[in-house]
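For reference, the structure discussed in these notes is given below.
The values are calculated or read from the model by the stated rules, or taken from the named source; none is laboratory data. Since we're looking at a predicted model, the values are computed, not measured. Please note: Cβ atoms are built from the backbone with ideal geometry, for glycine as well, and neighbour counts cover all protein chains shown. These accessible areas exclude ligands, DNA and RNA; they are computed on the full protein's heavy atoms, side chains included. Shrake-Rupley method; radii C 1.70, N 1.55, O 1.52, S 1.80 Å.
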Amino acid sequence: MRHLAALLALAVASVHAAPDLVLRYDRPAAETAQGWEREALPVGNGRIGAMVFGQPGSEHLQFNDITLWTGDKDTMGAFQPFGDLYVDLPGHEKVQDYRRTLDLARALHTVSYEYAGVRYRREVIASHPAQAIVLRLTADRPGAYTGAVRLTDRHGAHISAFENRIRATGSLAGYVVPPELGNKWTPAQQPLSSNVMTYASQVQVLHEGGTVTMEGNTVRFKDCDALTLVLGAGTSYVRDPAAAFQGEHPLKRVTDQVTRAAASGWPALQAAHENDFSSLFGRVRLNIGDADDERRALPTDQRLATYTAQGNDPELEALFVQYGRYLLIASSRGPLPANLQGLWNNSLTPPWNADYHTNINIQMNYWPAEPANLAELTEPLFGFVQAMVPAYRRLAERGWTVRTESNPFGYTGWKWNRTANAWYALHFWEHYAFTQDRTFLRRTAYPLMKEVCEYWLHRLKALPDGRLVAPEGWSPEHGPFEDGVSYDQQLVWDLFNNTAEAAAVLNHDAAFARRIAIARDRLAPPQVGSWGQLLEWLEEKRDPVLDTPGDTHRHVSHLFGVFPGRQITPDRTPALANAARVSLAARGDAGTGWSMAWKAAFWARLHDGDKAYQMLRGLLATPGARAATQAGPGTEANNAGGAYPNLLDAHPPFQIDGNFGATAAVCEMLLQSHDGVLHLLPALPSAWRTGSFAGLRARGGYEVDAVWRDGQVMSVSVRAKEGGGTVRLRAGDRTVEVKLKQGEVKTLQWMR
Ligand code: FUC
C-alpha cells in the first residue's frame, strides 16, 4: 500500500511538471497609441503597477496607482494614469539579439540584447513587500551604461530632483482634463468635482561604478557598471467613508518606501519579491497537454497567431489560464479592487472611465479568486463594497442598492442595476463557502447579506397569483425596464438561498432565515419559452429581435442561475438546464471578451466541455480572426473579443475581465463544487485528453489535485484545508464518499 502511494506520488509529480510560464517576444512594445495596451507587458504589486515597453534606446514604464481617481461622491470622474519613467540610452536604438520576457511564476520582466559587443540585461519587478517598482540594469562589461533617467507626471505635478532622486508631487484639486487631451466637456458642462486628492511619485537612482549627476530634473549616469532604479508612488486616498476618502499627503510615505527599498539593494529586493509572489502564484499547477517544440520556439505573439489559426497548443492555453492568476495578484492587493483595466490604464479619459461596472465586470474580475486559490485577493473587493455601502444606503428606503457605474467615493451612476447588491452579497458568501472562515461569515458576510435581503423583502412585489417579482428591473443592457426580469429573479433567489444557508451554518437568526426561505420559494421561477429557451423576461416577448433565436446580444444575464448562481444545474433542474442550453446556443459563440468568458463558464456548468473550449478558443485568438459571423441586431462590438499580442483581453480596447473570466471558466471545466459534490472534470474538452491540476479550491474548504488520462480520472487528492467532514467526489457517473479530518489529505486511485 505504502509502495503504491509512493509510486502514485511519483506519477503525480511527473505529470505535474508545469509547462514554462513565460511570455516572450523578439521586439519591444511599440510606442504607439495602442502599443501600451497590446504589446507592453504588465507588472503590478496589487496597488502600483506599470506597463513596460522594453525599448532598448529608451526604456519606458508607464506607471499607475490603483487609487488615483478624479470624481467624488457626486460625480463619476475616471481612474487616472499616473506618470512615466524613462531611461534613455543613446545609441541603443539599433541592437542585436533582442529578447523581452515576462516570467509569470517569478513575476519578473526582462529585456536583453547585444549592443556594440556588450550584452545588456534589464529586470523589472513590482514588489509587494517593498511597495516599489524596481528596475535593474546590468551588462557583461563594466562601465557600459551612459544615459539619463526622467520622470514625468500626467497631471502637471511639481517635479524636483535632489540626491539622485526625482520626485513629483501634485493635487487633483480643480483638475480638469484639457480638451486637447480628450476631454469632451466644454468648461460650462464640466461636472464639478470636490476631489482634493494629493499624490506623489519618486524614483531613486542607485549606481555601481561610474558617475551620476543631476541636471535640472534629469539624473544623468556615465560609465556605470549597473543601475538600480526604485520607483514609488501613492495618493492620499483612503478607503474610509468617515474620512471622506481623504487621508494624509502621501509624500512622506512614498519617500520612506523608496528610501527603505533603496537601502535593501537589488538581490534582497528581488528575493523578497519572488518569495512573496510565488507564495500566491505557486499554489496552482496546470498541465493540460504538451505543445510541440516548434510552437514552443515561437515568440508569444506569433504563437498566438498560429494558435488562432490552428489551435493545438495546450501549453499556450495553460499560460493564458495562469496569466489570469498573475494579473489578479498584480492588481488586487491594494485598497481598491481591480478595475476595468486592472490597474493599467494610460488614458486621462479611459473607456467607461476604467470604473467599477456592476452588471458583470467587477464581479468577473473576482471569479477566479476562490477556485484558483487566491482567496485573500478578494479583500480589496470586500473592503470596497463595505466602504461604499454608507453612500449606497442613501439610494434605498431600506438596505442599499447600486447603479451600473461606480467610483471609489460612493458615487454610482447610469442606469439602475439594483440586484448588483445581491451579486456583491454572493461574493461574500462564496468566500465563506470556499474558505470555511466562520468569523468572516459571522462578522462580515452575514450582516451584509442580511441587509441586502432586507432591501429585497421590502422591495419585492406580489403578482395577483402570489408570485413575488423584483419590480422595474433591467436585464443588463438588453430590453425594457420591467417587473420580474429573470436576471433579478435569479439573483434574489440566490441571495435568499445563500443567506438562509448562512444563518443555518451560524445557527443564528432562525426566524429571519425561515422568512427568506419562504420568500425564496414564492419568487417567480425560471420559465421555458416557446422555442425551448430559458425566458429572459417574465413573459415571452413578441418582438422582432428580443427573445428570438436570432438575438445574439452579448449579455446573457438570464443565465445567472447557471453561473455564477446555482439555481439551475443539469442534475437538479435538468429541464431548465436544457432551456439554458437552447438560449446559449442561440446567443452564439461571438462576443466581447467578457461575454465569451461568461459563455465558457455557462457551457462548463452545463457539462459541455467542447463548447466551453470553443469559447476559450475565441478568447485566446487574434481579435476578430475567429469570431463567428453571428453579430445580429441588438449587439454591440460583437465580433471584437480576443487577445492582444500581450495576451490581454480585447474588448476593445483592453478590458481585463475577459482574462479573469477565462481563468475562472477553466476552473469550472476542471472542478465544480456548487451542487453538493466535488465534481472532477465536469466539462473536460476532447482537446485535453491527458493532464493534471494541483491546488484548485472547492467549496467546503478543500484543495484538490487530480491526474487524468484519456479523459479518465486516474487519481485525486483532496486536502481538507479548513473544515473537513464527509465529502462526495464525483467523476463521470461514479460518486464516492471520503471522510476527512481538518488538515487531512487523502489520495484515491480512481481508475476502475
Ligand atoms: C458593460 C458591457 C460593456 C462594457 C462595459 C464596461 O456595460 O455591456 O460591453 O464591458 O460594461
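Distance distribution P(r), region 12-133, all Cα-Cα pairs, bin width 5 angstrom from 0: 2, 10, 17, 20, 17, 13, 9, 6, 4, 2, 1, 0 percent.
Axis of helix 574-587 versus longest Cα principal axis of the chain: the two differ by about 50°, to the nearest ten degrees. Think of the chain as having a plus end and a minus end, set by charges on the Cβ of Lys, Arg, Asp and Glu; of Ala500, His155, Gly466, Ala500 sits farthest toward the positive end of this dipole.
Against the chain, whose longest principal axis comes from its Cα atoms, helix 379-392 is set at around 70 degrees. Modelled spin-label separation between His508 and Ala585, with each label point placed 7 Å from Cα along the Cα-to-Cβ direction: 4.6 nm. Size check on region 157-297: the Cα extents along the three principal axes, sorted descending, read 61, 49, 36 Å. Dividing the convex hull volume of the alpha-carbon atoms in region 632-752 by its residue count gives 148 Å³ per residue.
Centre-to-centre, using Cα atoms only, region 308-339 and region 501-573 are separated by 30 Å.
Residues of region 337-354 with amide nitrogen under 11 Å from the 7 Å Cα-to-Cβ point of Trp414? Residues 351-354 qualify, since their backbone N sits under 11 Å from the label point. For region 130-200, the C-alpha radius of gyration sits at 1.65 times the compact-globule guess of 2.2 N^0.38 Å, with N the residue count. For region 328-478, the residue among Leu381, Leu328, Thr419 whose Cα projects farthest onto the positive side of the dipole built from Cβ charges is Thr419.
Where q = 0.12, 0.15, 0.21, 0.22 Å⁻¹, what log10 of I(q)/I(0) comes from the Debye formula for region 380-501, counting one point per Cα? Per q value, in the given order, log10 I(q)/I(0) is -0.43, -0.67, -1.24, -1.33.
Dipole size of the chain about its Cα centre, with +1 on Lys/Arg Cβ and -1 on Asp/Glu Cβ: approximately 1520 debye, rounded to the nearest 20.
Could you give the Stokes-Einstein D for region 437-515 in µm² per second, using the C-alpha Kirkwood radius, 25 °C, 0.890 mPa s? Estimated via Stokes-Einstein, D reaches 180 µm²/s. Normalised radius of gyration (Cα atoms, divided by 2.2 N^0.38 Å) for the chain: 0.95. On the principal axes of its alpha carbon atoms, region 90-224 extends 59, 34, 34 Å, with the longest extent given first. In this structure Asp571 has an accessible area near 90 Å², from a 1.4 Å probe over the protein heavy atoms.
Across region 280-390, the convex hull enclosing all Cα atoms gives 141 Å³ per residue. Placing pseudo-labels 7 Å out from each Cα toward the beta carbon at Ala462 and Ala33 gives an inter-label distance of 5.9 nm.
The three principal axes of the C-alpha atoms in region 173-252 carry coordinate ranges of 54, 36, 17 Å, sorted with the longest axis first. Extending 7 Å from the Cα toward the beta-carbon at both Gln386 and Ala173 defines two label points whose distance is 3.1 nm.
Determine, from the Cβ-Cβ distance of Thr152 and Ser194 and an R0 of 45 Å, the FRET efficiency 1/(1 + (r/R0)^6), rounded to the nearest 0.05. Between Thr152 and Ser194 the formula returns 0.95.
Beyond 28 Å in Cα-Cα separation lie the following of the pairs Lys184/Lys599; Lys94/Lys222; Lys415/Lys541: Lys184/Lys599.
Within the same chain, aspartates and glutamates fewer than 8 places from Lys746 are excluded, and of the rest, those with a Cα less than 19 Å from its Cα are Glu703, Asp705, Glu722, Glu737. Here region 493-617 is treated as a sphere whose radius is the Kirkwood value from Cα pairs; by Stokes-Einstein at 37 °C and 0.692 mPa s it diffuses with a coefficient of 210 µm²/s. Cross-link partners of Lys611 among aspartates and glutamates, defined as those whose alpha carbon lies under 14 angstrom from its own and excluding same-chain residues fewer than eight positions apart: Asp589, Glu668.
Using a cut-off of 28 Å between alpha-carbon atoms, which lysines can reach Lys252, once sequence neighbours fewer than 8 places away in the same chain are excluded? Qualifying lysines at Cα under 28 Å: Lys73. What the pair-distance distribution of region 314-452 shows, using all Cα-Cα distances binned every 10 Å from zero, is 11, 41, 35, 11, 2, 0 percent.
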